[in-house]
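Everything below concerns the one structure shown next.
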Amino acid sequence: MKTISLTVNGKAVTAAVEPRTHLADFLREGQLLTGTHLGCEHGVCGACTLLIDGSPARSCITYAVACDGAEITTIEGLDEDATMRRLRDAFSREHGLQCGYCTPGMLITARDIVTRLPDADDRRVRFELSGNLCRCTGYVGIVRAVRRVIEERQKNGSAARPEAGTTPGTSLGPVGSGHARTMPANGPIKRQMATATTTAPAAEPTRSPSGQAKPGMEIRQSFTVNHPPDRVWAFFDQIDQVAACMPGASLTTPPRDDHVAGKIRIKLGPISADFAGDADIERDAANKRGVIRGGGLDTRSRSSARGEIRYALFEEKGGTATRVEVDVGFTLTGPLAQFSRSGIVNDLASRLTAAFAQNLRVRMDRAAGGSPAEPEPSTEQTAELNAGALVLSVLWARIKSLFGALFRR
Amino acid sequence: MKPAQFDYERPSSVAEALDLLRREDLFVKVLAGGQSLGPMLNLRLVQPDLLVDITGIPELKRAEPDSDGITLGACITNADIEDGRAPDVTGGVLPAIARGIAYRAVRNRGTIGGSLSHADPSADWVSGLAALGAEAIIRGGPQGDSGRRTLPIEDYMVGVFEAALEPGEILEAVRIPRLSARARWGYYKICRKTGEFAHAIGAVLYDPERSVCRAVIGATESTPLVVADAAFLFGDRPSDNLAATYDTAAAARLLDRKGMTDPFERQVHLAALRRAVDRASLQ
């Protein structure tokens, strides 16, 4: 807990807050100021917009602890504000609201528009309102209400002096940050996360997904290794060896009857997920192709992934090399899926494949008894993939030169 | 939609911030406005042990123009740039980019350094500052608190959500060159809704007095495609009327080299660059 002192609607407030409490929850739950509404809680819908040091800000992605010393004005604090009174009248007159959920945020944004942009036309008003979503009105009435107030102000001059704390400041930096005092540390900083002891998940059985819907993501990758197809195929039979080539992956139990259980840690910048799950492998030795079907769960984010990997080996360079083609189809559900942007997932997948191919080559060189061209991985479990991080840069440069023709990156 | 627990510190100097960032036993994240990190925290996609809020550090909120350009501290906000509180040395280029970022309520807290370090491929500053030829000034590292190194912006983003920061380093400022009066600039962002993540970004800078001709195709699936010498996109003869000699086929070859094969992706990215070129052209 941290102790903060701030001004809320002109009143001094001192309170102990958890750092993770966002400003809207602090106001609604702690100060009982429920006029600030919460919609999406990730900065998109605008319902929680209020004034921090006189400028509009999102209270759902601003933590209360970061507002120490700041002046907060919510919709309740603008009851007597002359501009807000005009806006309220105009919203009523022009049908600027129906259910009222977006209205507090709309009014705060509208007040910012009419005071900051006294000449805004319809187009500009719409541009400025684009960060506040309304599902009832179709915006026409809201835009009209804002324009009415702009016109009134142009005709009659702006209203009397606004309330203290409701005009924007002139200092640089994020609004609310101008008063920052160093926070006295109270007690040592704790490790918040349990260390990654991913317990075996209660993953659903992963039998053939017959009649399964089309996977959400499909990715095709290929790479070449300088070993004949027979040897690559034999290597693919050693599931533990193959798993060890996958960055961040390891088996949790020894494989049996083409059934494997394991886990994989994937890291993308600050996001990391530990998927644990199991899979079944079907192999067609005659055609040197196979299918891996499975799924896994990231217990931390409670996201799950299900899908299949089809792979096939093709002879290259007169039988001395093998091209491995991989088709991955998967569906991600849960919180991580909300974030999935297909391009980013593709980028991650191509990095994973490239790292996998590189590790595979090293292991196969070693198994073939030749002196490996690359330093051997120091541990059996390959390091997690930290996509794009500099720790990978040396390896990355090699991958790029090795697979430059294939990946064209 | 509530974040997992984290600790919070608000240091008052870069040295104090670096001390916290050197903690190897903790997952430490810098908070520089939190307009991208906040959503990720609320969605529990990111679960740090400690947030280091650097917005209380005065030296990260400076805006220092000189004859060659301007140094903007990492915690200068998009609204500071939009409103001109941070002086403009680019003839309106920076305020125009800033105004197109997300929404006003977000711009009031979102910072230039935070956006660059978050390294989202769709972010405006990643592409816009690369086109302007800006540089990242990084503090800390092996030389300790006073250590400094400089990187071109296009080298600062190394991958999706990954900036070129070593442990114990922090982005201190961005250095933006002053454009000459003759400079021509075009920027075009394709999004489905105002303020949303860009689907494609095109940017062109032609500043003959400084012998600069740069182009960027951004909002790709990873780092933007930055062309430091873009004269070949204009038949090696760039002029004030850039559109007259613009060679779409040469731009398409850039996409080939980047490995962008999806026809729709190619189309929107080429359209964004084409429209940026049109905007930059004197007609």
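Below are the figures for this structure:
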| read-out | value |
| --- | --- |
| Number of the exception - B:ILE101 against (1) within 13 Å of the chain's Cα centre (by Cα); (2) not in a loop (DSSP other than H, G, I, E, B) | (2) |
| Selection from segment A:284-318 of residues that are under 19 Å from the mean Cα position of the chain (by Cα) and of a type in the set (A, V, I, L, M) | A:LEU297, A:ALA305 |
| Count - residues of segment B:246-283 that are small (Gly, Ala, Ser), at pLDDT 95 or above and either more than 22 Å from B:PRO208 (Cβ to Cβ) or exposed (fewer than 13 other Cβ atoms within 10 Å of the Cβ) (or both) | 4 |
| Qualifying residue in segment A:217-233 (condition: among the aliphatic types (A, V, I, L, M) and at pLDDT below 80) | yes |
| Considering residues of segment A:3-20 that are part of a loop (DSSP other than H, G, I, E, B) and buried (at least 20 other Cβ atoms within 10 Å of the Cβ) only, the residue farthest from the other protein chains (Cβ to nearest Cβ) | A:ASN9 |
| Unique match (being touching a Lys or Arg at 6+ places or on another chain (Cβ under 9 Å), crowded, with 18+ Cβ neighbours inside 10 Å and modelled with pLDDT of 95 or more) among A:LEU117, A:LEU107, A:LEU97 | A:LEU107 |
| Any hit, segment A:256-263, residues being among the small types (Gly, Ala, Ser) and in a loop (DSSP other than H, G, I, E, B) | no |
| Residue selected from segment B:166-221 under the condition within 18 Å of B:ARG253 (Cα to Cα) and within 14 Å of chain A (Cβ to nearest Cβ), by the criterion surrounded by the most Cβ atoms within 10 Å (Cβ to Cβ) | B:ILE201 |
| Answer from B:THR90, B:THR55 - the residue that is part of a loop (DSSP other than H, G, I, E, B), facing chain A (nearest Cβ under 10 Å) and out of contact with any strand residue (DSSP E or B) (no Cβ under 6 Å at 6 or more places or on another chain) | B:THR55 |
| From A:ALA90, A:ALA47, residue being more than 9 Å from every other protein chain (Cβ to nearest Cβ), closer than 16 Å to B:TYR103 by Cα and either in a helix (DSSP H, G or I) or touching a Gly at 6+ places or on another chain (Cβ under 9 Å) (or both) | A:ALA47 |
| Members of segment B:28-47 that are more than 7 Å from every other protein chain (Cβ to nearest Cβ) and outside any helix (DSSP H, G or I) | B:VAL28, B:VAL30, B:LEU31, B:ALA32, B:SER36 |
| Qualifying residues in segment B:58-87 (those that are surrounded by fewer than 24 Cβ atoms within 10 Å (Cβ to Cβ) and facing another protein chain (nearest Cβ under 9 Å)) - the one nearest to B:LEU26 (Cα to Cα) | B:PRO58 |
| B:SER180 vs. criteria at pLDDT 95 or above, more than 13 Å from B:VAL126 (Cα to Cα) and hydroxyl-bearing (Ser, Thr, Tyr) | yes |
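The values are calculated or read from the model by the stated rules, or taken from the named source; none is laboratory data. Owing to the predicted nature of the structure, the values given are computational and were not obtained by experimental measurement. So basically every Cβ, Gly included, is an ideal-geometry build from the backbone, and we count neighbours across all protein chains shown.
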